[in-house]
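**Student:** Got a structure for you, questions after.
The values are calculated or read from the model by the stated rules, or taken from the named source; none is laboratory data. These numbers were taken from a predicted model, which means no experiment stands behind them. Here the Cβ is made from the backbone with ideal geometry for all residues, glycine too, and neighbour counts use every protein chain on show. With ligands, DNA and RNA removed, areas are computed over all heavy atoms of the protein, side chains included. Shrake-Rupley method; radii C 1.70, N 1.55, O 1.52, S 1.80 Å.
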Amino acid sequence: MKIWEEDNFTWTNDEIYNKDHLLIWNNNYINNVQLTKKLFDKANDGGRDGTKQDYFIEVIHNDTSVKSSLMPITLDAEPTKVPSGNSATEIAPSKQEKSKEGKCPNCDKPITLEQMKKIFPDCKDATKLKAVADTYNKYMKDLNMNTCWNKAHLFAQARVEAGLALNMKAGESFNYYYEGLSIFGAFQTKEGKEKAKLWGRPTRLPKLPGVSKEDQIKIANYAYSPPAKKAKELENTEPNDGWNYRGRGLIQVTGKGFYKYCNNYTKKNGNDVIANPDLIGEKIELAVLASMIFFKWKGINKIANNTRDVKGKICPLVGKDVKTGSKSNYNEKQAAFDDIT
């Protein structure tokens, strides 16, 4: 890898860094290359730049088994944002070749049925899988989700939330063992613990017949409706908002605040999800669209680009880390991103 200080003419460019890096496996980083004063002083352009210099990075593959022989990163390439400061903390060549315009040629490619089959291998309903792919393809440009990163991150979340069979429920289940309700702040108080014993399952297993619908409604409203602290975050204002605007869709979108935002898009297609929130659980197209809108609402569609940190940057914006025994929801989503999507 070479870093050059760029001058007005190619033959006067100054090489300020040159080092071989051994990269193992398919995904690699070259970390912590410091743009120090020592490197700055290596460039000699007669002081024309004052305190500023322009750089470009050249990556040369030395291994003859690698097909790409040269990958210049120049002004013609897609810009890469670097955090403020004097160091480039991650410099990672993409696995995908760049098009002549500098944009990844796969970002705008439609998602295929075959890809959905690999992500949700236990779903045998090809019509359902195709509807998921078609919906994403239809809206990805409008919602700024037309990057490989966004596709990978959304479907890593969905693979865990909806399961390998893509079993999207009509709404978030509150069929909890009573001690499990402690994940909700409202059930951590003395009164909340008493309510949990009253409404939750008395035993961890079996899960069936489980908590009655009447008690599930009580649990949802106690956890998500006023005066619970969570209600303010979710913008739930009415006694039954916790149940009405519970989690639905590919990634369990929750709360009246989001449903209001989502409605700005869904009403254009004649679907009022404030008046009828169950639509997100009933229609596969809305389940996908609502999840995409959630990425835009939370700014995840921008955060997702150029990050492999699912657990630290994506998961906390989607929901809590639900742990079942030794299994962590966040760990599962990270593995889904790394190994599958």
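**Student:** Against the conditions (1) in contact with a Phe, Trp or Tyr (Cβ under 7 Å, 6 or more places away or on another chain); (2) surrounded by 17 or more Cβ atoms within 10 Å (Cβ to Cβ), where does residue 274 fall short? Just the number, please.
**Tutor:** Going through the list (1) in contact with a Phe, Trp or Tyr (Cβ under 7 Å, 6 or more places away or on another chain); (2) surrounded by 17 or more Cβ atoms within 10 Å (Cβ to Cβ), residue 274 breaks only (2).
**Student:** Of the residues in the range 219-250, how many are surrounded by 15 or more Cβ atoms within 10 Å (Cβ to Cβ), acidic (Asp, Glu) and either assigned to a loop (DSSP other than H, G, I, E, B) or under 22 Å from the mean Cα position of the chain (by Cα) (or both)?
**Tutor:** Result for the range 219-250: 1.
**Student:** In the range 139-195, which residues are under 18 Å from residue 320 (Cβ atoms) and hydrophobic (A, V, I, L, M, F, W, C)?
**Tutor:** 156, 158, 160, 162, 174, 181, 183, 184, 186, 187
**Student:** State the number of residues belonging to the range 295-314 that are touching a residue at least 40 places away in the same chain (Cβ under 8 Å) and either aromatic (Phe, Trp, Tyr) or in a helix (DSSP H, G or I) (or both).
**Tutor:** Number satisfying all stated conditions: 7.
**Student:** While we're on this one: Within the bounds of the range 143-151, is there any residue that is of a type in the set (Lys, Arg) and not in a helix (DSSP H, G or I)?
**Tutor:** No - not one qualifying residue is present in the range 143-151.
**Student:** Quick test for you: out of 209, 227, pick the one residue that is without any contact (Cβ under 8 Å) to a residue 24 or more places away in the chain and under 19 Å from residue 171 (Cβ atoms).
**Tutor:** Just a single option satisfies the conditions, and that option is 209.
**Student:** Follow-up question, since we're still on this one. Name the single residue, out of those in the range 155-174 being buried (at least 19 other Cβ atoms within 10 Å of the Cβ) and touching a helix residue (DSSP H, G or I) at 6+ places or on another chain (Cβ under 6 Å), that is farthest from residue 290 (Cα to Cα).
**Tutor:** Per the stated criteria, the residue is 174.
**Student:** Would it be correct to say that residue 269 is open to solvent by 20 Å² or more (accessible area, probe 1.4 Å) and modelled with pLDDT under 95?
**Tutor:** Yes: the conditions hold for residue 269.
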